[in-house]
1. Return one quarter of the surface area of the convex hull spanned by the alpha-carbon atoms of the range 306-384, equal to its mean projected area, in nm².
2. Under 15 Å from the Cβ of Ser120, count the other residues' Cβ atoms, weight Lys and Arg +1, Asp and Glu -1, and hand me the total.
3. Each residue of the range 5-16 in turn: what ³J(HN,Hα) in whole Hz from Karplus with 6.51, -1.76, 1.60 and θ = phi - 60°, glycine and Pro shown as x?
4. Given N residues in the range 229-386, what is Rg(Cα) / (2.2 N^0.38 Å)?
5. Please report, in whole Å³, the volume per residue of the convex hull around the C-alpha atoms of the range 107-204.
6. How large is the Kirkwood hydrodynamic radius of the chain, counting all unique pairs of alpha carbons, in Å?
7. Which ³J(HN,Hα) values, rounded to whole Hz and listed in residue order, are derived for the range 37-44 from phi using the Karplus coefficients 6.51, -1.76 and 1.60 in 6.51 cos²θ - 1.76 cosθ + 1.60 with θ = phi - 60°, glycine and proline given as x?
8. Please report the relative contact order for the chain, taking Cα pairs under 8 Å with a sequence separation of at least 6, and give it as a percent rounded to a whole number.
Amino acid sequence: PSVFASVVYTPPDVIFELTKKYLTDPAEQKVNLGQGTYRDENGSPWILPCVRAAKEKIRDVNHEYLPILGLTSFRTLAAELVLGRESTALIEKRVASCQALSGTGAIHMAGKILYNALGSQTPVYITNPTWSNHRQVFASIGFLVREYTYYSETAGCLNMETVTQALNEAPPGSIFIFHVSAHNPTGCDPTQEQWKDIATIVQDRGLFPIFDAAYLGMTSGVYDRDAYAIRYFVEELRLEVAVCASFAKNMGLYGERVGLASIITRSPQEATAVESAFEQLMRAEVSNPPAFGARVAAAVLEDGELRAEWARNLTKMSSRVEEMRWALFDGLKKLETPGSWDRIVKQGGMFCLLGLTPEQVVEISIAGLNWGNVQYVAECIDQTIR
Ligand code: PMP
């Protein structure tokens, strides 16, 4: 018999199935509302102007290996970006950082460090619903993954009661994954006051927060504003946290796999030790991380003008998505589609949980909408509901 006779077929993630169906659908007026990538007003991928300019700047770079922990300038600039330039954690050298394979790789790296530090018996709490890879990444490391209710179906927003309950009932030392901004897929984030309440429980009960920072700057259009929760936990409460930042969405560097895993510790000694652990892990898993995307991101971050351009690009993406939320909302209102649609404009970020049944399709990517297709989509939703 084959060595692989015992390997069980694993069906692909539904979201990729949906994309496949879209691609093979012969319909002329089809709209892809499934995928988590930004689209411009013509429905095309968008190369951010700041990225275009950065690529020009690094045109002549060589192709040598990067250091094991990644491009040094990228690690420094990205950590400053995530934590804030005035961060006391950075000034006190309490931050261990490692370039990672985008947000997914950053979550994996932080997860591995925590697994080695806390052991396999530590539960990891993920929100229900959440991005499907949260469960997979932590389960594949060997963690026990538990879910807690995050969203109130009836209210169409964050369910602070069940969130608080989960935080209060989890064993001390448990890990909680928080989406820093633009919760995927609900688009519902805690308010600043709610973050403070969450942080107090995390602190009192000795829980460990991992911040999934996949959409910073994409929600409000302002990076620092979207990073509020991280800054509050790290700077105000001086808690130990992990931050997993991705540059896929906010710089449009999806395929380049640019990310940063940072772990904020209590002392410089611990940060040095954790950084050495990062280096060991990286060595064993990837040897040297990919250079191109990190160079592009660093070129944007280190140049005042490109950084200002990036800020404008973030505003452009977040405003276009917000505009489409209102256009879809208005379209459904005009059609008098049965149901309550305020949630479309109450939620933030690229995703929107419409509250349709699974048969009607659950979640749509607002970034796939533009003035050419939004009315059509409203009509399609209207027909599905009736
Ligand atoms: N976290 C969340 C919540 C996401 O939605 C995504 C991307 N879909 C990621 C992390 C990571 O993406 P990437 O690995 O492409 O940076």
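1. Mean shadow area of the hull around the Cα atoms is 5.4 nm².
2. Charge balance in the 15 Å sphere: +2.
3. After applying 6.51 cos²θ - 1.76 cosθ + 1.60, I find 4, 8, 6, 8, 5, 10, x, x, 3, 4, 5, 6 Hz.
4. For the range 229-386, the normalised Cα radius of gyration is 1.40.
5. For the range 107-204, the hull spanned by Cα atoms encloses 94 Å³ per residue.
6. For the chain, inverting the mean 1/r across all distinct Cα pairs yields 21.8 Å.
7. In residue order, the calculated couplings are 10, 5, 10, 7, 5, 9, x, 9 Hz.
8. 25
Bear in mind that the values in this text are calculations on the coordinates, not laboratory data. Please read these numbers as outputs of a predicted model, since none were measured by experiment. Neighbour counts are summed over all protein chains in view; Cβ atoms, including those assigned to glycine, are modelled from backbone coordinates with ideal geometry.
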